[in-house]
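Some notes on the structure that comes next.
Nothing in this text is a laboratory measurement; each read-out follows from the coordinates by a stated rule. Quick caveat, the model's predicted, so the values are computed rather than measured. Using ideal geometry, Cβ is built from the backbone for each residue, glycine included, and neighbour counts are taken over all protein chains shown.
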Amino acid sequence: MAYYRGQEPKREQFRRYLEKAGVVDSLTSVLVALYEHPERPSNALEYVKQHLGASGQMCPDTEALQQEVSDLRQKCARLAQENKDLKTKLQHYEPVSENGATAD
């Protein structure tokens, strides 16, 4: 492909800009991961979109939200276990009839 004399320096500047910003490394990492993936995803573009953010540093908001999700999942699991334990204790005091109503 022939370049016009004015285009080559612009392309080179743009390439250096992308390298300096980490874009080239991020894209390379995602494409290598896609290449090494044991099974080819049905939608390569979606794969790249999903994994592009994972190859670089996460934004602080994303990290905070992921931590919050993790904390809330743990809290939910604790509350579910507590609920189960309390229902078990309650059955000792209020036997449930066959139709699900509590006996008075």
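Could you work out how much longer the chain between E46 and D71 gets when fully extended? Use 0.36 nm per residue separation minus the Cα distance between them, nm to one decimal. Don't skip to the answer; put the middle values down first.
Working: separation 25, 0.36 × 25 = 9.00 nm, distance 2.82 nm.
Stretched fully, the E46-D71 segment lengthens by 6.2 nm.
Extending each Cα 7 Å along its Cβ direction at K84 and R15, get the distance between those two points in nm, one decimal.
Placing both labels 7 Å beyond Cα along the Cβ direction yields 6.0 nm.
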